[in-house]
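To keep things clear, I will list the structure first and then write my remarks on it.
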Amino acid sequence: TAGTVGDELNQNVYVVGGFVRDLMLKTDNWDIDFVTEGDGIVFAKALHQAVGGKLTVHPQFETAVIRLSSHITLDVVTARREYYEYPAALPKVEKSNIWSDLFRRDFTINCMAICLNQSSFGDMSDYFGGMKDLQNKSIRVLYNLSFIEDPTRIFRAIRFAARLGFHLEVSTRQFLQQALQNDMIRRLSHDRIREEFLHMIREQESFHHSMTLMKELGVFQALHSGFIVQSHTLERLKGIRFAMEGFRQLSPSSFNQTVVMLMQIMSEVPPAYLEEVCQILVANQTLIQQMMKSMNQRDTIYHILKEDEVDRFTIYQLLRPHTEEALMFFYNDSDDPYIRHYIAFYLLKLRHIQLTISGNDLKSLGINPGPIYRRILDNVLKAKVLGTIYDHDGELKYAENL
Ligand code: ATP
């Protein structure tokens, strides 16, 4: 249909980028990118007439998106050339042809186009050797300043290498490292770094691999000299998804997996640098404070829970101030079987225990309000957590299912 629409408008139309890459790799990709030589918005409107869906146009960028369903998106761009006024700047754009549109892209494997017009339907434009690099499982930039011009490509290179199980071609790796040595990554705004980092986290299956490459290439240290990631952390990242899945199955939870992963990845950052590193990866200031509070108390918590006999109320009081995400992080991060056992016990059981009486109940029993209320309520809570009650004779009884 897109080809016919292009023919009617007398515009050349191509599918490009990730869609072509994944087509060649026989992987599903429902984010379909079209490039037209001509007016992209006119084309998008005509395509929308033909295929339906929800159209959004961005006249200032000469791009449009047609959302066909929750998982099928058609992106339309007007073929364009991009140039950078200075390193790490957002690019300036001008209308151009398919060659220039492909040349502005990141890696050869993302630079292939297939023509959709009837006269050349299916013709592949592969000016930069993308097919060969797909076969060689190689991530390769088009020119040596690519990472300098747009350092977000450092993250993209790592993400694609990890996702596809490809390697960085030798010169590409050198260009990437030169860009790191020149501190290019620090020229990116925190927002742009964060966006790239979150992309990696979302690709859960390759997250461990991408973090391993980040460490190997020195990207963490380039982001912040205190961003220390050691092999313990990488090891811990491996199991994190399964640990969380296990808990989800045992107890319905809605915790945010990304936060757990972020805490784990920052778990070896020295306290003095923790806030600065958090500010790079997390935007929400309340969340930063929460994460830091828990991470700073980690050693104290481990120290107390290391013992083989810790009573339920100590566990309850110790862990109650922390979010589920922090508790999942402690669980995943620790090697100690006792610590893991107590945290699991808290997450699955103790944390559901709550007081069901209040000051009003005490009032209706005729007890005069005062500091005694706090003491009574604390003691009732303690008794519930410990699984004990007193019968009428004041004798201690065990009541597991209170
Ligand atoms: P994914 O499967 O992750 O969606 P994708 O290749 O479709 O992969 P997008 O981020 O959607 O990735 O980008 C679409 C296309 O735009 C890419 O294939 C690439 O050609 C180009 N592109 C995206 N970001 C950049 C960038 N920073 N520099 C150059 N080209 C880019």
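The values are calculated or read from the model by the stated rules, or taken from the named source; none is laboratory data. Treat the numbers as computed from the prediction; the structure is a model and nothing was measured. Positions of Cβ are backbone-derived with ideal geometry, glycine not excepted, and every protein chain shown enters the neighbour counts. Heads up: the accessible areas ignore ligands, DNA and RNA and are worked out on the full protein's heavy atoms, side chains in. Shrake-Rupley method; radii C 1.70, N 1.55, O 1.52, S 1.80 Å.
Numerical summary
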read-out: All helices (runs of 4 or more DSSP H) inside the stretch 1-65 with 1 or more residues being in contact with a helix residue (DSSP H, G or I) (Cβ under 6 Å, 6 or more places away or on another chain) and away from the ligand (no atom under 16 Å from the Cβ); value: 2-9, 40-51
read-out: When residues of the stretch 238-283 are limited to those that are modelled with pLDDT of 85 or more and open to solvent by 80 Å² or more (accessible area, probe 1.4 Å), the one farthest from residue 220 (Cα to Cα); value: 238
read-out: The stretch 56-99 - residue that is of a type in the set (Gly, Ala, Ser) and open to solvent by 20 Å² or more (accessible area, probe 1.4 Å) and, of those, farthest from the chain's Cα centre (by Cα); value: 96
read-out: Number of positions in the stretch 314-345 that are open to solvent by less than 30 Å² (accessible area, probe 1.4 Å) and either more than 25 Å from residue 241 (Cβ to Cβ) or outside any helix (DSSP H, G or I) (or both); value: 4
read-out: Residues located in the stretch 103-124, provided they are within 13 Å of the ligand (Cβ to nearest atom) and among the polar types (S, T, N, Q); value: 108, 110
read-out: Residues of the stretch 214-234 classified as away from the ligand (no atom under 16 Å from the Cβ), in contact (Cβ under 8 Å) with a residue 12 or more places away in the chain and part of a helix (DSSP H, G or I), total; value: 8
read-out: Answer residue from the stretch 125-144, given it is within 24 Å of residue 186 (Cα to Cα) and of a type in the set (A, V, I, L, M, F, W, C) and is farthest from the ligand (Cβ to nearest atom) among those; value: 139
read-out: Single condition residue 205 does not satisfy, out of (1) free of Cβ contacts under 8 Å to residues at least 60 places away in the same chain; (2) more than 18 Å from residue 257 (Cβ to Cβ); (3) surrounded by fewer than 17 Cβ atoms within 10 Å (Cβ to Cβ); (4) within 16 Å of the ligand (Cβ to nearest atom); value: (2)
read-out: Where a residue in the stretch 15-33 is more than 15 Å from residue 125 (Cα to Cα) and its partner, wherever it lies, is more than 9 Å from the ligand (Cβ to nearest atom) and in a helix (DSSP H, G or I), with Cβ under 9 Å and at least six apart; value: 25/134; 25/164; 27/164; 29/23; 32/2
read-out: Members of the stretch 72-102 found to be more than 10 Å from the ligand (Cβ to nearest atom) and among the charged types (D, E, K, R), listed by number; value: 80, 81, 85, 92, 94, 95
read-out: Odd one out for residue 147 among (1) more than 20 Å from residue 22 (Cα to Cα); (2) aromatic (Phe, Trp, Tyr); (3) modelled with pLDDT of 90 or more; (4) away from the ligand (no atom under 14 Å from the Cβ); value: (4)
read-out: Qualifying residue in the stretch 325-336 (condition: among the polar types (S, T, N, Q) and modelled with pLDDT under 85); value: no
